[in-house]
Amino acid sequence: MNQVERITRMENLLNEAKAAAAALDQALDRYAAAREGLAELEAYYSGGEWMRDFEDDSAGKLPKDLRRGVLSEDAVYDLLTDHSCLLKRMKKLGKD
């Protein structure tokens with residue numbers, strides 16, 4: 001690789017890393033803000049309210065046009081699992 005090719009490659013690596021770092025910074029800001037809601041969501045899911053809401057939905061007691069993704073049996077669990085995996089991944093990245 002000659003000098004011009006090397007400088008061009010390093011310039012591209014610099015620009016890609018800067019863009020990725022900026023995107024990650026913004027994503028971490030959004031995620032930090034969402035974590036407060038995540039704790040509330042986890043308490044709702046692990047407490048009796050979620051089960052009562054789920055049963056009422058199954059019994060047709062809730063409005064048909066109500067958005068109810070939170071009442072799916074996997075959505076909240078999957079999100080909490082993803083959250084745990086993300087925390088582990090960020091810890092590992094911080095050590096590397």
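The values are calculated or read from the model by the stated rules, or taken from the named source; none is laboratory data. The structure displayed is predicted, hence computed values, not measured ones. Neighbour counts run over all protein chains shown; Cβ positions are idealised from the backbone, glycine included. Please note that ligands, DNA and RNA were not included when accessible areas were found on the heavy atoms of the full protein model with its side chains. Shrake-Rupley method; radii C 1.70, N 1.55, O 1.52, S 1.80 Å.
Which residue, of D74, D78, is among the charged types (D, E, K, R), surrounded by 11 or more Cβ atoms within 10 Å (Cβ to Cβ) and within 18 Å of the chain's Cα centre (by Cα)?
Numbers: D74 fails: surrounded by 11 or more Cβ atoms within 10 Å (Cβ to Cβ).
Just one listed residue meets the conditions, D78.
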Restricting the search to the range 1-60, which residues are among the β-branched types (V, I, T) and in contact (Cβ under 8 Å) with a residue 12 or more places away in the chain? none
How many residues does the range 1-43 hold that are modelled with pLDDT under 95, farther than 29 Å from D82 by Cα and not aliphatic (A, V, I, L, M)? 0
Conditions (1) open to solvent by 90 Å² or more (accessible area, probe 1.4 Å); (2) over 15 Å from the mean Cα position of the chain (by Cα); (3) not hydroxyl-bearing (S, T, Y); number of the one not met by E36: (2)
Out of the range 68-92, which residues are more than 27 Å from L28 (Cβ to Cβ) and charged (D, E, K, R)? R68, E73
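Please go through the range 1-12 and pick out each residue that is surrounded by 10 or more Cβ atoms within 10 Å (Cβ to Cβ) and of a type outside the set (D, E, K, R).
Scanning the range 1-12 gives I7, T8, M10, N12.
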